[in-house]
Amino acid sequence: MVPGYREVRQLGAGRTGRVFLATYQETGAYVAIKYLNAALRRDPEFMSRFTAETPRLVEVDDENVVRFYEYVETPTRAAVVMELVDGVSLRTLLAEHGRTSPEAALAVLKGTLLALAAGHAKGVAHRDVKPENVLVQADGTSKLGDFGVVGYVEEPNVPQGSPPYMAPELWLHTNGFNPRADLYAAACQLFECVMGRVPYRGTTSEIRDRHLHDPVPLELVPDMLRDLLRRGLAKDAATRYGSATEFLSELEEDALAGYGPEWEKRGRRHLAELATLLALRFPLAAPDNPGEGETAVIRRGRSWVTLVPRLPPHLWIAGGAVVAMLVALLVARGTGNTGPILMPPPESPRQIDPTVEGTRPPPTDRRPSRRPTTKPPVTTAPPTSRQQPPTSGQSQPPPPPTTPAPTPTRSSQSAPARPAVRAATILGWSGSAGAVRVTAAGTGPVELKISYTRREEGGTSRVLGTEVRTLTGETSYTQPITRDLGDVACGRRAYFGIIVATVPVADSGPEVSEAPMDGPPCPSQEPTGTSQSAPSPTARTVPSPTTEASSRAMPTAESEPTDVISEPPPG
């Protein structure tokens with residue numbers, strides 16, 4: 001236990017340690033305390049770096065950063081005392097809802113980049129940007145936490161970090177840590193928010209190879225985000241954004257052009273709605289003491305009295321919003337009104353009143369110490385920007401006028417329905433031939449779209465052609481594929497690829513496969529006077545037998561793939 005604090009309960013645990021809700025005994029203000037795990041404490045390199053960065057971490061004072069109050073170390077424990085954020089992690093939000101709107105994803109990314117800019121300005125890199133370390137509050141704002149705290153993957157030759165978000169240079173152990181690796185991880189987070197999955201999946205070794213060599217999977221990404229992801233996920237750190245500020249500037253420019261001046265407001269509103277639905281998972285939603293805050297039933301004479309939970313006021317508001325939504329939905333069902341249920345937009349956050357106890361601004365002296373010396377500046381009062389439920393006096397909107405359903409035509413009655421597509425799997429691809437298997441839930445028509453790509457080594461992919469096949473009458477189809485994608489010059493390598501997608505979109509999503517194709521050896525300089533003819537430098541190539549590419553799942557979308565963008569591998 002950290003001296004001067006009273007632990008309330010454990011909030012969570014991860015690869016880097018356990019987090020507890022606690023109160024500062026002198027003021028009763030809430031804080032979060034993370035106890036670093038034994039693996040980190042036994043790592044002298046980590047401990048030396050982290051303790052050296054501690055003074056700078058305390059100086060990072062930005063509304064987008066989870067504030068670092070102090071670092072406490074004893075012979076048996078190491079703990080970080082930090083701001084308590086009453087919200088849920090972006091990981092929890094994605095696990096519950098799958099993905100966010102592009103505007104919400106950009107709003108989260110903006111907060112992350114502002115936090116990184118504040119940390120980098122103090123000479124501190126985050127080193128582990130990922131959804132687990134981003135906390136979303138009920139007003140739709142977010143905070144980035146755990147600066148400098150990065151754990152291990154329990155596998156040999158794997159550096160510190162989280163593999164799905166680690167930049168190529170981290171895998172190669174070159175030049176230590178560059179802050180541009182934080183920007184790469186932030187771009188991975190943007191991709192995951194809009195696509196519902198990380199850019200590269202697989203085992204740790206497969207993820208490493210894909211970060212190093214695979215083209216950036218931009219085929220199904222919304223058009224307005226492609227430029228941001230193309231540069232943010234560049235293999236070469238030198239071609240990425242030079243700073244978080246530069247990344248943020250281009251983000252705002254593209255968001256304004258693509259989604260209009262209200263993009264951030266709509267994005268935060270969407271995040272607020274998603275977070276509010278998870279309000280019961282907020283740290284302050286549970287009781288502080290056993291029995292306190294729980295619903296209890298007591299008997300008074302011959303009657304039973306139910307005591308309502310003693311929860312913080314803002315959680316009653318959030319819970320009320322959820323109940324109001326459910327009631328509105330039930331009423332709409334009963335009256336035949338199936339229109340959308342609209343929630344009021346969030347208001348601006350309430351300003352902190354320095355005269356109210358528990359809401360004082362942070363003191364200017366926040367130097368780390370091994371013992372508490374000042375009151376942690378934690379804001380315990382909830383913001384007033386949470387979604388408000390409609391009042392009980394509000395009437396439900398009248399149902400829309402009913403209109404007779406149109407009489408279906410003969411062609412619409414006879415058209416077979418499209419079945420759900422379970423999977424579209426690439427069985428093999430050699431660079432010129434292969435096969436695809438499609439399985440569906442019915443015998444109705446399924447469109448199979450095959451795009452053929454070519455990428456020169458060190459260049460970008462281009463689509464050479466697309467064909468569409470209509471499959472019907474069966475529930476399983478195996479389709480052979482053949483395509484001549486040209487020749488490879490002597491001494492050169494190219495990558496011939498296919499992108500397979502279906503309409504309707506398969507549950508497994510589109511898939512892509514590339515095969516490396518090597519050109520023939522270039523002719524050596526022949527002595528003068530010989531009549532031996534040199535082989536043609538554009539002779540037909542064959543795939544390398546030892547480097548056959550395997551297919552990998554791509555994100556799901558209804559749009560037809562158009563471009564495949566690739567970055568040159570490092571070195």
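The values are calculated or read from the model by the stated rules, or taken from the named source; none is laboratory data. Computed from a predicted model, the values in this text were never measured in an experiment. In this analysis, Cβ positions are derived from the backbone assuming ideal geometry, glycine residues included, and neighbour counts consider all displayed protein chains.
Check P44 against each of (1) more than 27 Å from P159 (Cβ to Cβ); (2) surrounded by fewer than 14 Cβ atoms within 10 Å (Cβ to Cβ) and name the one condition it does not meet.
(1)
In the range 64-115, how many residues are in a loop (DSSP other than H, G, I, E, B), among the charged types (D, E, K, R), in contact (Cβ under 8 Å) with a residue 60 or more places away in the chain and surrounded by fewer than 22 Cβ atoms within 10 Å (Cβ to Cβ)?
Narrowing the range 64-115 to residues in a loop (DSSP other than H, G, I, E, B): 64, 66-67, 74-77, 84-86, 98-101.
Those still in the list that are among the charged types (D, E, K, R) too: 67, 77, 86, 99.
Then drop every residue that is not in contact (Cβ under 8 Å) with a residue 60 or more places away in the chain, which leaves 67, 86, 99.
Remaining after also requiring surrounded by fewer than 22 Cβ atoms within 10 Å (Cβ to Cβ): 86, 99.
Summing the residues that are in a loop (DSSP other than H, G, I, E, B), among the charged types (D, E, K, R), in contact (Cβ under 8 Å) with a residue 60 or more places away in the chain and surrounded by fewer than 22 Cβ atoms within 10 Å (Cβ to Cβ) in the range 64-115 gives 2.
Need the failing condition index for A272 against (1) part of a helix (DSSP H, G or I); (2) under 17 Å from M224 (Cβ atoms), just the number.
Only one criterion is unmet by A272, namely (2).
Working carefully through the options L94, L114, L84, L109, find the one that is under 26 Å from M224 (Cβ atoms) and touching a strand residue (DSSP E or B) at 6+ places or on another chain (Cβ under 9 Å). Full working, then the answer.
Working: L94 fails: touching a strand residue (DSSP E or B) at 6+ places or on another chain (Cβ under 9 Å); L84 fails: under 26 Å from M224 (Cβ atoms); L109 fails: touching a strand residue (DSSP E or B) at 6+ places or on another chain (Cβ under 9 Å).
Answer to the check: L114.
Determine which single condition G4 fails, assuming it passes every other condition in (1) touching a Phe, Trp or Tyr at 6+ places or on another chain (Cβ under 8 Å); (2) closer than 20 Å to V129 by Cα; (3) not aromatic (F, W, Y).
(2)
Being among the hydrophobic types (A, V, I, L, M, F, W, C) and out of contact with any strand residue (DSSP E or B) (no Cβ under 7 Å at 6 or more places or on another chain) narrows it down to one of F20, F50, so name that one.
Values: F20 fails: out of contact with any strand residue (DSSP E or B) (no Cβ under 7 Å at 6 or more places or on another chain).
Among F20, F50, only F50 is among the hydrophobic types (A, V, I, L, M, F, W, C) and out of contact with any strand residue (DSSP E or B) (no Cβ under 7 Å at 6 or more places or on another chain).
Select from the range 199-235 the residues that are surrounded by fewer than 20 Cβ atoms within 10 Å (Cβ to Cβ), part of a loop (DSSP other than H, G, I, E, B) and either touching a helix residue (DSSP H, G or I) at 6+ places or on another chain (Cβ under 8 Å) or modelled with pLDDT of 95 or more (or both) and list them in ascending order.
R201, G202, P222
Do you know which residues across the range 130-166 are under 19 Å from K34 (Cα atoms) and within 16 Å of the chain's Cα centre (by Cα)?
K130, P131, E132, N133, V134, L135, V136, K143, L144, G145, G161, S162
Within the set of pairs 6+ apart or on separate chains, which have a first residue in the range 451-476 that is under 15 Å from V500 (Cα atoms) and surrounded by 14 or more Cβ atoms within 10 Å (Cβ to Cβ), a second that is hydroxyl-bearing (S, T, Y) and at pLDDT 90 or above, and C-beta atoms under 6 Å apart?
Sorted first by the residue in the range 451-476, then by its partner, the pairs are L464/Y452; L471/Y477.
Take the residues in the range 428-446 that are in a strand (DSSP E or B), surrounded by fewer than 17 Cβ atoms within 10 Å (Cβ to Cβ) and at pLDDT 90 or above, then tell me which one is nearest to the chain's Cα centre (by Cα). Break it down into steps so the answer makes sense when it comes.
Initial filter on the range 428-446 (in a strand (DSSP E or B)): 428-429, 433-440, 446.
Remaining after also requiring surrounded by fewer than 17 Cβ atoms within 10 Å (Cβ to Cβ): 428, 433, 435, 437.
Next cut, at pLDDT 90 or above only: 433, 435, 437.
Working: A433: 35, A435: 33, R437: 30 Å.
Once the filter is applied, the top-ranked residue is R437.
Looking for something of a type outside the set (K, R), in a strand (DSSP E or B) and at pLDDT 90 or above - is there at least one such residue anywhere in the range 413-423? Steps first, please.
Restricting attention to the range 413-423, the residues satisfying the condition of being of a type outside the set (K, R) are 413-417, 419-421, 423.
Of the ones still in play, those that are also in a strand (DSSP E or B) are 421, 423.
From what is left, the residues that are at pLDDT 90 or above are none.
Within the range 413-423 (the criterion being of a type outside the set (K, R), in a strand (DSSP E or B) and at pLDDT 90 or above), the answer is no, since none of the residues qualifies.
Select from the range 477-516 the residues that are of a type in the set (D, E, K, R) and either part of a loop (DSSP other than H, G, I, E, B) or crowded, with 18+ Cβ neighbours inside 10 Å (or both) and list them in ascending order. Explain how you work it out, then say what you get.
Step one: of the range 477-516, the residues of a type in the set (D, E, K, R) are 483-484, 487, 492-493, 507, 511, 514.
Those that are of a type in the set (D, E, K, R) and either part of a loop (DSSP other than H, G, I, E, B) or crowded, with 18+ Cβ neighbours inside 10 Å (or both): R483, D484, D487, R492, D507, E511, E514.
When A38 is evaluated against the numbered criteria (1) under 27 Å from L190 (Cα atoms); (2) without any contact (Cβ under 8 Å) to a residue 24 or more places away in the chain; (3) not basic (K, R), which criterion, by number, is the only one it fails?
(1)
Where the second residue is of a type in the set (S, T, Y) and modelled with pLDDT of 80 or more and the first is over 17 Å from N133 (Cα atoms) and lies in the range 151-163, which pairs have Cβ atoms under 7 Å and are six or more apart or on separate chains?
Qualifying pairs under 7 Å: E155/T204; V158/T204.
Listed here are the residues, each with its yes/no results for (1) part of a loop (DSSP other than H, G, I, E, B); (2) under 22 Å from D209 (Cβ atoms).
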| site | (1), (2) |
| --- | --- |
| G148 | yes, no |
| V153 | yes, yes |
| Q160 | yes, yes |
| P164 | no, yes |
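Mind checking which residues of the range 22-59 are in a strand (DSSP E or B) and farther than 17 Å from R77 by Cα?
Listed by number, the residues that qualify are T23, Y24, Y30, V31.
Yes or no: L40 within 15 Å of G145 (Cα to Cα) and aliphatic (A, V, I, L, M)?
Working: within 15 Å of G145 (Cα to Cα): no; aliphatic (A, V, I, L, M): yes.
For L40, the condition - within 15 Å of G145 (Cα to Cα) and aliphatic (A, V, I, L, M) - is not met.
Filter the range 125-146 for residues that are of a type in the set (A, V, I, L, M) and assigned to a loop (DSSP other than H, G, I, E, B); which is surrounded by the most Cβ atoms within 10 Å (Cβ to Cβ)?
First pass over the range 125-146, keeping only residues of a type in the set (A, V, I, L, M): 125, 129, 134-136, 138, 144.
Of the ones still in play, those that are also assigned to a loop (DSSP other than H, G, I, E, B) are 125, 129, 138.
Values: A125: 20, V129: 29, A138: 27.
This residue is V129.
Could you please find all residues in the range 237-258 being exposed (fewer than 15 other Cβ atoms within 10 Å of the Cβ) and not in a helix (DSSP H, G or I)?
Residue satisfying the conditions is G242 alone.
Can you find even one residue in the range 36-43 that is within 28 Å of T245 (Cβ to Cβ) and within 27 Å of the chain's Cα centre (by Cα)?
So the first thing to find is which residues in the range 36-43 are within 28 Å of T245 (Cβ to Cβ), and the list is none.
No: the range 36-43 contains no residue that is within 28 Å of T245 (Cβ to Cβ) and within 27 Å of the chain's Cα centre (by Cα).
Give me the pairs: first residue in the range 181-197 and on the phi > 0 side of the Ramachandran plot and surrounded by fewer than 23 Cβ atoms within 10 Å (Cβ to Cβ), second residue assigned to a helix (DSSP H, G or I) and aliphatic (A, V, I, L, M), beta-carbon distance under 8 Å, and six or more apart or on different chains, which are they?
What qualifies is G196/L94.
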